[in-house]
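Just below is one structure, and these are the notes that go with it.
The values are calculated or read from the model by the stated rules, or taken from the named source; none is laboratory data. Quick caveat: nothing in here was measured; it's all calculated off a predicted structure. Every residue, glycine as well, gets a Cβ built from its backbone with ideal geometry; the counts of neighbours run over all protein chains shown. Protein only, heavy atoms only, side chains kept; ligands, DNA and RNA dropped before computing areas. Shrake-Rupley method; radii C 1.70, N 1.55, O 1.52, S 1.80 Å.
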Amino acid sequence: MKTLSLAPLFGGRDLWANLGRDRPQQPNVLLLFSDQHHGSAIGCAGHPTVKTPTMDALAAGGVRFNRAYCQDGICVASRTSMMTGLYPRTTGCLDNPNVPVHPERFTMLQNVFQANGYATGCFGKRHLPRNSMALGWDASATTISPRLDPSDESYHDWLKQAGLWEVFEREHSKSMLQSDLFCRISRLDPDQRDAAYTAEKARAFLRRCHRKRKPFFCWASFHGPHQPYTPPRKWADLYPVENMVLPASIDEPAENLPPELAGWRRNKKQPWNLGVAAERKNLYRRFLAYYYAQVTEVDHYMGRIVDELERLGLADDTVIVYASDHGDFMAYHGMTEKCALGHNVYEDTLRVPLIVSWPRRCRQGVVSEDLVGLLDLFPTLVDLLALRTPAPMQRLAGISLRPVLCTAEPLGRRYVFSENWSQATVIGKRYKLGVWLDPGPLPRYARRDWREHFQDMLFDREQDPLETRNQIDNPHLAEVRRDLWSALQDWMAKTSSAGRDDLIASSLAKTR
């Protein structure tokens, strides 16, 4: 893949030409990433069942943020927010199909690293918008459709060359639509899976950078534990189905939930046949077992990459970050997957794991309760590594987490925000308010008028950690509701919605 030239982004002036020259060797950055990892499903967070030795070791050697949230509970929008340091309304990417109309307005994190003399590599599921925002990688290999992730190499091609394409296709084709809750054991051997492919491509990149004495920014982005829930038997056997403990909210009445989620809960057609699972709880138990198995699979192959760092003698000079783009309902509220367009409020899909480990410079074995977001990663790495950034560049919406990482200074942040087309949510230390939005005239969303069918949602996370009791009409919380609403209104007023407005205008122009 060609490196993205940034000169056209700034009126033809090559502001980046000399930024990466004549600088001492910089620390490396390894961004380990997963898709759809529930924030509680990690051993070091106290989960009683799931096995995550690599994540646990990273947390022991760094800082784990217990209150980290994505800025949109769906893949492309969340990743775009993280890699631009901006909110979805600013980029114009609030859903997977959204392609920002003016990508030239945004400087991507990988481009900042390139300009500072780093080699950049992305391996696995990149899943950024299909325009220049996905570029800027010196080496790349994708595990999803090459059409979605244009890359140097492709897992799909590797499977075909190995004679395994038909086996893989059966696991990701229409046959999976005849499975309960999208669950089935994989017929691929563990080292033939996309997690193994991601790890091996990342390890090879680390070796090349080591030989060339080149600092690197490596993004190893695993597809799991995202559906389909198809672990190899090796990992599934760690989690006997009959031993899986179901969450207390699994039988929450469907009418408590927003309309889209309620529809899923009542559905009896495969693969999202939650209406059947409500009567046959073993389907839920199998789903949890397979979900945990895929978390452990990701953890295992993350461990291979970390082991390679240590073997090469690079561990002390590498900042390691682990995060996920959003969560999974994991049977809470009787739900599976994320049902992203139908809400953007529940802890299960918005709270994500976030660990930063750099023992040479950062604190170790720390659990932070500060409210943070994935969009804080961009300013944190720029600050932590003293990276030079271009002028002009978009003003980042996140803040640096360096004080928490290095000095134990609290951030003092009162709220974090998350949004999609349907719902914007303000999250405080104790309370959370989700407000339904007008999705505008875009055809994909106009058929859903959330506001007319369901109330706004207010949860007391202290008294109701499972979020089963909507307190929006509780008169005793009227002042809390007003404070959260004021904070949300203030955020909307101060946060540019240029990208969202551009996308709506572009869509309307195409329909005229």
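Give the residue, chosen from Arg211, Arg280, that is within 30 Å of Gln110 (Cβ to Cβ), more than 23 Å from the chain's Cα centre (by Cα), open to solvent by 60 Å² or more (accessible area, probe 1.4 Å) and not aromatic (Phe, Trp, Tyr).
Details: Arg280 fails: within 30 Å of Gln110 (Cβ to Cβ).
Going through Arg211, Arg280 in turn, the sole match is Arg211.
For the range 108-155, a residue qualifies if it is acidic (Asp, Glu) and open to solvent by 10 Å² or more (accessible area, probe 1.4 Å), and the qualifying residues are Asp138, Asp152, Glu153.
In the set Leu341, Leu387, Leu354, Leu350, only one residue is open to solvent by less than 20 Å² (accessible area, probe 1.4 Å) and under 25 Å from Tyr445 (Cβ atoms); that residue is Leu350. Selection of the range 357-384 for residues being crowded, with 21+ Cβ neighbours inside 10 Å, closer than 23 Å to His47 by Cβ and of a type in the set (Val, Ile, Thr) yields only Val372. When Met457 is tested against (1) surrounded by 15 or more Cβ atoms within 10 Å (Cβ to Cβ); (2) closer than 24 Å to Thr80 by Cα, just one condition goes unmet, and that condition is (2).
Just to check your reading of the model, which residue among Leu503, Leu433 is buried (at least 17 other Cβ atoms within 10 Å of the Cβ), among the hydrophobic types (A, V, I, L, M, F, W, C) and farther than 30 Å from Gly334 by Cα? Going through Leu503, Leu433 in turn, just one is buried (at least 17 other Cβ atoms within 10 Å of the Cβ), among the hydrophobic types (A, V, I, L, M, F, W, C) and farther than 30 Å from Gly334 by Cα: Leu503.
Which members of the range 204-235 meet the condition of being part of a helix (DSSP H, G or I), in contact with a Leu (Cβ under 9 Å, 6 or more places away or on another chain) and not aliphatic (A, V, I, L, M)?
First, the residues of the range 204-235 that are part of a helix (DSSP H, G or I): 204-211, 233-235.
Those left that are additionally in contact with a Leu (Cβ under 9 Å, 6 or more places away or on another chain): 206-207, 209-210.
Answer for the range 204-235, where residues must be part of a helix (DSSP H, G or I), in contact with a Leu (Cβ under 9 Å, 6 or more places away or on another chain) and not aliphatic (A, V, I, L, M): Arg207, Cys209, His210.
Candidates Ala68, Ala77: the one that is open to solvent by less than 10 Å² (accessible area, probe 1.4 Å), within 15 Å of the chain's Cα centre (by Cα) and within 17 Å of Phe329 (Cα to Cα) is Ala68. Filtering the range 185-194 for residues that are without any contact (Cβ under 8 Å) to a residue 24 or more places away in the chain and β-branched (Val, Ile, Thr) leaves an empty set.
Has the range 256-275 got any residue that is open to solvent by less than 10 Å² (accessible area, probe 1.4 Å), in contact with a strand residue (DSSP E or B) (Cβ under 9 Å, 6 or more places away or on another chain) and outside any loop (DSSP other than H, G, I, E, B)? No, that holds for no residue.
The residue that is farthest from Pro190 (Cα to Cα), counting only those in the range 156-172 that are open to solvent by less than 40 Å² (accessible area, probe 1.4 Å), of a type outside the set (Phe, Trp, Tyr) and assigned to a helix (DSSP H, G or I), is His156. Can you tell me which residue within the range 390-416, out of those that are within 26 Å of Pro103 (Cβ to Cβ) and at pLDDT 95 or above, is most open to solvent (accessible area, probe 1.4 Å)? By that ranking, first place goes to Ile399. Total residues in the range 459-512 satisfying the condition of being closer than 13 Å to Val426 by Cβ and among the polar types (S, T, N, Q): the figure is 3. Candidates in the range 473-500 are the residues that are closer than 26 Å to Ala397 by Cα and among the aliphatic types (A, V, I, L, M); of these, the one that is surrounded by the fewest Cβ atoms within 10 Å (Cβ to Cβ) is Ala493. Applying the criterion of at least 1 residues that are out of contact with any His (no Cβ under 8 Å at 6 or more places or on another chain) and among the acidic types (Asp, Glu) to the helices (runs of 4 or more DSSP H) found wholly in the range 400-512 leaves 450-453, 478-494, 498-511.
Can you find, within the range 154-181, the residue that is modelled with the highest pLDDT among those that are under 17 Å from Pro231 (Cα atoms) and among the small types (Gly, Ala, Ser)? Among them, the one singled out is Ser179.
Annotation note: of Val241, Val245, the sole residue that is in contact with a helix residue (DSSP H, G or I) (Cβ under 6 Å, 6 or more places away or on another chain), open to solvent by 20 Å² or more (accessible area, probe 1.4 Å), aliphatic (A, V, I, L, M) and at pLDDT 95 or above is Val241. The sole residue among Arg311, Arg280, Arg304 that is modelled with pLDDT of 95 or more and over 30 Å from Thr380 (Cα atoms) is Arg280.
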